[in-house]
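A.B. asks: First the structure, which I've put down as structure tokens, then a few questions once you've had a look.
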Amino acid sequence: MKVTGITILFWPLSMVLLSDKIQSSKREVQCNFTEKNYSLIPADIKKDVTILDLSYNQITLNSTDTRVLQTYFLLTELYLIENNVTVLHNNSFDNLSSLEILNICRNSIYIIQQGAFLGLNKLKQLHLCQNKIEQLNADIFVPLRDLKLLNLQGNLISYLDVPPLFHLELITLYGNLWNCSCSLFNLQNWLNTSNVTLENENITMCSYPNSLKSYNIKTVPPKAECHSKLPSPVSEDLYSPFQPISNSTFNSSLNNLTRNSERVPLGKSWAFLIGVVVTVLTTSLLIFIAIKCPIWYNILLSYNHHRLEEHEAETYEDGFTGNPSSLSQIPETNSEETTVIFEQLHSFVVDDDGFIEDKYIDIHELREEN
């Protein structure tokens, strides 16, 4: 009975140890094809392979290689170090849902398409070191939900958006061409506030501007104008501890802001303002002169005398002689007054000097003279 009881107690433990042995035996299925001068991934490898090393060959990871890789669905580690891979196409590692380590260092990768890492749900380590990567879209890391280590050492990256890797523990970024301007501000803030560790922090240096080459990307003092790009800490994290700013950091930021303000060239706003002021003053002066000196427009409104042409004089004279109806339209007056008016009208036409008298006829004065 005692032996039976002991057996029952240790049975679960023995099953756990047995399962661990089975799993360890599976992980030991390795295939090493390094320095074989392969240009394609061989298709005659055991299908239960878990660790495949194809380093130091001529593999380009084209569509044929992708189809062959999909047949090795039990892979947990894949090494493609120092091959001829230049582009990581979409779904390059599809169906490798058990893959945990992917090492593609020392290739010539310069393009990584958006869906290159789709299907790698269990990937824990991604090594992309010593390639020719210039730009990385942070969204390519979205499928890597369990990623713990990201190695981007020795590329041509100048800036990097904050990758959505919530479980990342270690990141390697040294050996790149980091631009320590405002484009680095979000990445720097993420490195300082998250739990991720920056490997070789002391040698992860800024490449430009030249004034910041002595700083590493995690401790470089940000410019004052870059703070406006960061969301307010009150809305982001209400429980974040207060971090005092050192005097040196404050003074350097203030000096940078002053130098930038001195270098700002004078724009066209001043010229526009001066033009508006001059226009307003000129218009006001003209209005003042027109109001205070009415002689200007009196001269303009005065009647200008001119000599009548011969045909105009004849027409004017004929207008009075040939149109007796105009006289009939004069209101009823005395015959003497009518005669005087008629003689005065004809006196305008028969003028020796050829000019017309420019005065109204005063009927009352004529009446008194007669």
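A.B. asks: Return the residues of the range 179-198 that are assigned to a strand (DSSP E or B) and exposed (fewer than 14 other Cβ atoms within 10 Å of the Cβ); say none if nothing qualifies.
C.D. replies: As a first pass, look at the range 179-198 and keep what is assigned to a strand (DSSP E or B): 179, 197-198.
Thr197, the sole residue that qualifies.
A.B. asks: Which one of Lys148, Lys132 is of a type in the set (D, E, K, R), closer than 24 Å to Tyr208 by Cβ and at pLDDT 95 or above? So that I can check it myself, show each step before the final result.
C.D. replies: Working: Lys148 fails: closer than 24 Å to Tyr208 by Cβ.
Only one candidate passes the filter, namely Lys132.
A.B. asks: If a residue counts only when it is closer than 27 Å to Asp139 by Cβ and either free of Cβ contacts under 8 Å to residues at least 60 places away in the same chain or not acidic (Asp, Glu) (or both), which strands (runs of 3 or more DSSP E) contained entirely in the range 48-112 have at least 3 such residues? If you could, list the steps in order and put the result at the bottom.
C.D. replies: On the way: elements: 51-53, 77-79, 101-103.
Correct list: 77-79, 101-103.
A.B. asks: Same structure, new question: What is the residue count in the range 184-209 for residues that are more than 26 Å from Cys105 (Cα to Cα) and either among the charged types (D, E, K, R) or within 25 Å of the chain's Cα centre (by Cα) (or both)?
C.D. replies: 4
A.B. asks: Now for a different question. Show the residue pairs that are 6+ apart or on different chains and have beta-carbon atoms under 9 Å apart, the first residue being within the range 139-165 and at positive phi, the second being small (Gly, Ala, Ser).
C.D. replies: Gly154/Gly175
A.B. asks: Then there's this: Looking only at residues in the range 62-117 that are at pLDDT 95 or above and at positive phi, which one is farthest from the chain's Cα centre (by Cα)?
C.D. replies: Restricting to residues being at pLDDT 95 or above and at positive phi, the top hit is Glu82.
A.B. asks: On the basis of being modelled with pLDDT of 90 or more and either open to solvent by 30 Å² or more (accessible area, probe 1.4 Å) or in contact with a Lys or Arg (Cβ under 9 Å, 6 or more places away or on another chain) (or both), does Glu201 make the cut? Step through it out loud before you land on a result.
C.D. replies: Numbers: modelled with pLDDT of 90 or more: yes; either open to solvent by 30 Å² or more (accessible area, probe 1.4 Å) or in contact with a Lys or Arg (Cβ under 9 Å, 6 or more places away or on another chain) (or both): yes.
Yes; evaluated as a whole, the condition is true for this residue.
A.B. asks: Return the total of residues in the range 144-175 being of a type outside the set (Lys, Arg) and surrounded by fewer than 17 Cβ atoms within 10 Å (Cβ to Cβ). Spell out the reasoning first.
C.D. replies: So in the range 144-175, the residues of a type outside the set (Lys, Arg) come out as 144, 146-147, 149-175.
This time we only want the ones that are surrounded by fewer than 17 Cβ atoms within 10 Å (Cβ to Cβ), so: 146, 156, 161-162, 164, 166-167, 169-170.
Of the residues in that region, 9 qualify.
A.B. asks: Hey, among the residues in the range 118-128 that are within 21 Å of Ser194 (Cβ to Cβ) and in a loop (DSSP other than H, G, I, E, B), which one's most open to solvent (accessible area, probe 1.4 Å)?
C.D. replies: For the range 118-128, the residue satisfying everything is Lys124.
A.B. asks: Return the residue satisfying two criteria in turn: it lies in the range 129-143 and is part of a loop (DSSP other than H, G, I, E, B) and surrounded by fewer than 18 Cβ atoms within 10 Å (Cβ to Cβ), and of such residues it is farthest from the chain's Cα centre (by Cα).
C.D. replies: Residue satisfying both the conditions and the ranking: Pro143.
A.B. asks: Go through (1) assigned to a loop (DSSP other than H, G, I, E, B); (2) modelled with pLDDT under 95 one by one and return the number of the condition Asn176 breaks.
C.D. replies: Of the numbered conditions (1) assigned to a loop (DSSP other than H, G, I, E, B); (2) modelled with pLDDT under 95, the odd one out for Asn176 is (2).
The values are calculated or read from the model by the stated rules, or taken from the named source; none is laboratory data. Note that the coordinates shown come from a computational prediction; the quantities given were computed from them, not determined experimentally. Neighbour counts run over all protein chains shown; Cβ positions are idealised from the backbone, glycine included. Note: areas computed on protein heavy atoms with side chains; ligands, DNA, RNA excluded. Shrake-Rupley method; radii C 1.70, N 1.55, O 1.52, S 1.80 Å.
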